[in-house]
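Taking it in order: structure first as structure tokens, then the write-up.
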Amino acid sequence: MSGTISLLLGIEDAGELARVTAGAEAIARTLPGPARLGLAAGTGTLDALSRLTTGRPLERLDARGRDALCARLASHAATSRIVETVKIPLLLAAGTELLPGPPEPDAPARPDAALDCTPSREWPACSTADTVVIGSGAGGAMAARTLARRGMSVIVLEEGRRFTAAEFRERPPLDRFLDLYRDGGATVALGRPPLLLPEGRAVGGSTVVNSGTCYRTPDRVLRRWASLGVPVEDFGAHLDEVEATLRVARQPVEPLGRNGLLALAGAERLGWQAAPLRRNAPGCRGSSQCAVGCPHNAKYGVHLNALPQACEAGARIVTHARAERILVERGIATGVRARRPDGSCFEIITPRVVIAAGATQTPLLLRRSGLGGHPELGRGMAVHPATNVAGRFAEPVESWSGVMQSVGIEELHGDGILIEATATPPGMTSFPLPGIGRRLRGELDGARRLAVLGAMIADAPSGRVHGSRHRALLRYDLTREGAGRLRRAMVAMGRILFAAGAEEVLTGLARSPVVRDEDELTRAAAAASRADLHLAGFHPTGTAKLGAGDTAPVDPSGRLRGVRGVHVADASVLPTCPEVNPQLTIMAMALRIAGGIA
């Protein structure tokens, strides 16, 4: 591994090489089996090419030999694709070292909330409850709080574990990243092109690792849902309650950081609508570590509000508990069987189950339970495909210093394009720095001068969740219209950066990685095929849609059709793409569904 890292990242210092190699090996250990094998095959191929062309393994190449091999690899499309795939986890290992160090021991932090958490190893083999909620994220937390406050005994099952602010302050960012995400953040939807789709796994779900951005569901989306037979009359009131729970407010300007300020400046010079985002982050200090756990507990995820409120009302949380099966007799729910990490199982007898496992996991659970017969279950997955561009400025920007996702630019939102100033160190997003070897090393050294913008689009629900056992196989194909929106988004982001004073823009496109004016950017984007676009996907929804009639797996009240006592209250029930960061929407929908259960 060290030879590959030295080749691709141009690292020669022994100490730095050892640190990055250790990080890359830790990443490899968390990858799912197929990805781990693919990484090993890629590094093995590079070593074999070194032996064939130079007569030496990678570890024995000197600087001149590495430069020559890099030139050969970059000159052929097939080897260039191998390089681009292998360098992603290596950039993650190197880039996280750019994040600020731990805060001072006496720096203020919101205390961890009081939660009634019990590890599954300490939970009895059989117990009872009025309701079992599967999943402790945005939907599960609101459902658990609502039902516990109505006097029900509620048990929440969470596959992940509880994390504390002390861990976020003391552990290296890369270690936290690998722990907080399913498969170390390497979940991929196969398709044209493949889509990285990271999923949080912790008490609090993805609210622990999201950006804290809080958009209300757009009125046009609610009107669309109403046309599908979904009751939305009181949805505004539910959104109000969720905003109060999360303490949502406009992000103050002071901690934004230069990345956000440049986005505001560029948008202002273009006359475009832009403002600091509304976020659930009271007291945010701009540590830019939302994606790996806030070291100050400033981001107010549900592990700090709805879940402790549920526990205060009597709910209990069982951690390290993977729901294996919903138990059903004669069409009526009777309990849940869950698995501990050691492989042993336990059961909770209950007449009522609320599934909030997320859009990729809920279909699998229903299929494992013999409840996946509806033809639309797992189909129609919508995501927000997203891409980034970076602008190089004369002065340092340090985009990872400040609020991670700070400013929203809504000029094109009516056309399905939402631009946000959002930045993390190289490797923690889908944005690939160009080049390999010494050129890539130069890009890493110059990353402090980059400002980064991201855009996500509302695409057609063309995804699907396959599988019925322990691992979801995700499929998502970017539509032709979606690709067109992403190209338009790239040009728009480049215009903002140039207006803010960028000397050049890094596109992430292999054939035109750097452009120096808007015309060049427009041509580069127009020439990019779908396969050329570097993408990540966020916010999967719609795999167990809620709607009127038998065409939707879940009825308008949130009840799973075909069985009594099973409700779904997570992102999978959203009837169409919400077109915005969906945290508020999911929580409001769960609040409405849980309110009707009692």
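The values are calculated or read from the model by the stated rules, or taken from the named source; none is laboratory data. Remember, it's a predicted structure, so these values are computed and weren't measured experimentally. Cβ placement follows ideal geometry from the backbone for every residue including glycine, while neighbour counts extend to all protein chains displayed. Heads up: the accessible areas ignore ligands, DNA and RNA and are worked out on the full protein's heavy atoms, side chains in. Shrake-Rupley method; radii C 1.70, N 1.55, O 1.52, S 1.80 Å.
A few notes on this one:
- If you model the chain as an ellipsoid using its alpha carbon gyration tensor, with each semi-axis the square root of five times an eigenvalue, the axes come out at 39, 27, 23 Å, biggest first.
- Selection from VAL203, GLY408, PRO295, by position along the positive dipole direction of the chain (Cβ): VAL203
- Cα long-axis angle, helix 33-54 against the chain (0 to 90 degrees, to the nearest 10): 10 degrees
- Restricting the stretch 510-555 to trypsin sites (Lys or Arg not before Pro) in coil, as DSSP defines it, with at most 14 other Cβ within 10 Å: ARG511, ARG516
- Pairwise Cα distances in the stretch 257-390 exceed 25 Å in 54 percent of cases.
- Whole-angstrom gap from the stretch 195-255 to the stretch 313-386, using each part's C-alpha centre: 23 Å
- All-pairs alpha carbon distance profile, the stretch 1-103, 5 Å steps from 0, percent: 2, 13, 23, 24, 20, 11, 4, 2, 1, 0
- Stretching the chain fully between ASP550 and ASP517 yields a gain of 6.6 nm (0.36 nm per residue, less the alpha carbon separation).
- In loop segments of the stretch 290-380 as defined by DSSP, the trypsin sites (Lys or Arg not before Pro) with at most 12 further C-beta atoms inside 10 Å of their C-beta are ARG330.
- Per residue, the stretch 155-201 exposes an accessible area of 36 Å² to a 1.4 Å probe, with every protein chain left in place.
- The percentage of C-alpha pairs in the stretch 10-62 whose separation is greater than 15 Å is 59%.
- Note on the chain: helix-only mean residue ellipticity at 222 nm, from DSSP H runs of 4+ residues weighted -39500 (n - 2.57) and normalised by residue number, equals -10500 deg cm²/dmol.
- Modelled FRET efficiency - R0 45 Å, CYS126 with ALA68, Cβ distances, 0.05 increments: 0.10
- Counting every alpha-carbon pair across the stretch 532-597, the share separated by more than 19 Å comes to 33%.
- Within the stretch 210-229: backbone nitrogen closer than 20 Å to the ALA460 label point (7 Å, Cα to C-beta): 221, 224-225, 228
- Rounded to 10°, Cα long-axis angle of helix 480-499 versus longest principal axis of the chain: 60 degrees
- Label-point separation in nm, SER75 to GLU170, each point 7 Å along Cα→Cβ: 5.3 nm
- Compared with the alpha-carbon gap, the fully stretched path from ARG56 to ASP112 is longer by 14.8 nm at 0.36 nm per residue.
- Zone residues, the stretch 308-334, relative to CYS345, backbone N less than 16 Å from point 7 Å out along Cα-to-Cβ: 321-329, 334
- Farthest toward positive dipole pole in the stretch 494-559 [+1 Lys/Arg, -1 Asp/Glu at C-beta], among PHE538, SER512, VAL554: VAL554
- Calculated FRET efficiency for the pair ASP445/ALA526, C-beta based, R₀ 30 Å, to 0.05: 0.40
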